[in-house]
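The values are calculated or read from the model by the stated rules, or taken from the named source; none is laboratory data. Predicted model, so just to flag it, every value in this text is computed and none were measured. Virtual Cβ from ideal backbone geometry, glycine too; neighbours counted across all protein chains shown. Areas reflect the complete protein model, heavy atoms only, side chains present, ligands, DNA and RNA absent. Shrake-Rupley method; radii C 1.70, N 1.55, O 1.52, S 1.80 Å.
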Amino acid sequence: PYVDTKVILENADKHGYGVPALNINNLEFLHYIIEAGVKKNSPVIIETSQGAMKYAGNGDFRKGAEIFVKMVKAFADEVDIPVALHLDHGKSFEHIVAAIKAGYSSVMIDASEHPFEENMKITKEIVKIAHAAGVSVEAELGQLAGIEDEAVAAENVLVDPDEAKKFVEETGVDFLAPAVGTSHGAFKFKGAAKIDYDRIKKVKEYTKIPLVLHGASSVVPEFVEIAEKHGADFGGAKGVPSEILQEAVKCGINKVNTDTDLRIAFVAGLREFLNANPKEFDPRKYFKLAREYTIKVITDRMDVLGSTGKA
Ligand SMILES: O=C(COP(=O)(O)O)N(O)CCCCO
Ligand code: NA
Ligand SMILES: [Zn+2]
């Protein structure tokens, strides 16, 4: 069934596991996420960026939002696992309202590049509108480095747990994404991978709401290697290892944003298949390995995060 993201995340918070939040831009990735969720009997949070809305609507983000809601509901109505649709990194008021109007389960207002008071003011306004429409809200405190779809964020600015407490109390936001050392994309760490567990624990203790880890892709070496063997150039790619994700979940993370891992698995399978099948041009065939690898990276993540069997 199609559910509110809050239902999924409150259960995850109560039982101490993580749920993968998986980005889509097209039908194929949606297919693979649903297949993985059914296979693992895991809840799934599907998420789209503002750019994905524009892409699906061929330039018209309001159309794209409507298309995604219809696509996700069509699948969600057919399966027994809970499925939610979330707007990821909503920055523009118009995109957030379009997602609410189209029927998204939840929206993120990402005002984290603004000063604390401004972030709080903007978030409060979005919470008022979204809650009036029965839609839950995610916000971000602190900043991740790396590319956030349309804007390059500044340096890593880690969350201040005392600010988090005030922020959640004043805004009524449903989930919070504290910046704790990760970043978006495939090149997350210059040195050893590490995140600030102590900050996660403090934010959890002070806010007592479901927490979100952004930039959580592991950049799985197996698929990086396959992609590079078949012409990709991902030199220096490094992500968040599974053990770190598991510790983050123990500290209070419940929604685990994952985009890069799906992209790398898919392109690894696509490159490998095309190189091995020069005569193939049937679109129902040439995504065969891309589909297999993408489903594998998602089902492995469900096992790592503990959402397997929780639907
Ligand atoms: O936090 C994440 C996931 O980050 P990643 O999958 O790159 O680790 N997202 O919000 C997904 C979109 C960001 C661009 O990839
Ligand atoms: Na941000
Ligand atoms: Zn993110």
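Treating r as the C-beta distance of A74 and E169 and R0 as 41 Å, the FRET efficiency rounds to 0.60. Overall shape of the stretch 257-311 was characterised from the C-alpha gyration tensor. The equivalent ellipsoid obtained from it has semi-axes of 27, 11, 7 Å, in decreasing order. Here the dipole of the chain is about 560 debye; that uses its Cα centre as origin and unit charges on the Cβ of Lys and Arg (positive) and Asp and Glu (negative). What relative contact order, as a whole-number percentage, does the chain give when Cα pairs under 8 Å and 6 or more residues apart are counted? Relative contact order of the chain: 21 percent. Were the residues from K279 through E113 laid out at 0.36 nm apart, the gain over their Cα-Cα distance would be 54.9 nm. Legend: calculated FRET efficiency, A193 to K229, from the Cβ-Cβ distance at R0 = 22 Å, rounded to 0.05, equals 0.40. Summarising the strand pairing of the chain, around 10 percent of its internal DSSP beta bridges are antiparallel. What's the whole-number percent of alpha carbon pairs in the chain lying beyond 37 angstrom? The share of Cα pairs beyond 37 Å in the chain comes to 9 percent.
Could you tell me how many degrees, from 0 to 90 and to the nearest 10, lie between the Cα long axis of helix 116-132 and the main elongation axis, the longest principal axis, of the Cα atoms of the chain? The angle comes out at about 80 degrees. As a rough guide to protection, the peptides 18-28, 104-114, 187-197 ranked by mean Cβ packing within 10 Å, highest first, stand as 104-114, 18-28, 187-197. What angle do you read, to the nearest 10 degrees and between 0 and 90, between the alpha-carbon axis of helix 260-276 and the longest principal axis of the chain? Roughly 10 degrees between the two axes. Taking every Cα-Cα distance in the stretch 1-40 and sorting them into 10 Å bins starting at zero, the pair-distance distribution P(r) comes out as 24, 51, 23, 1 percent. Taking the C-alpha atoms only, the angle from helix 197-207 to the longest principal axis of the chain is near 50 degrees. Projecting label points 7 angstrom from Cα along Cα→Cβ for D60 and N156 puts them 4.3 nm apart. Take the chain with all the other protein chains still there, run a 1.4 Å probe, and you get 43 Å² of accessible area per residue. To put it simply, the accessible area of the stretch 205-311 at a 1.4 Å probe is 53 percent carbon and sulfur.
Here the sum of -39500 (n - 2.57) over DSSP H runs of 4 or more residues, divided by the residues of the chain, equals -15500 deg cm²/dmol at 222 nm, to the nearest 500. The residue among S112, L213, G57 whose Cα reaches farthest toward the positive pole of the charge dipole of the stretch 5-305, with charges on the beta-carbon of Lys, Arg, Asp and Glu, is G57. Ignoring any ligand, DNA or RNA, what whole percent of the accessible area of the stretch 66-140 comes from carbon and sulfur when the probe is 1.4 angstrom? In the stretch 66-140, the share of accessible area belonging to carbon and sulfur is 57 percent. Past 24 Å, Cα to Cα: identify those pairs from K128/K188; K14/K165; K285/K310, in the order given. Too far apart for the 24 Å limit: K128/K188; K285/K310.
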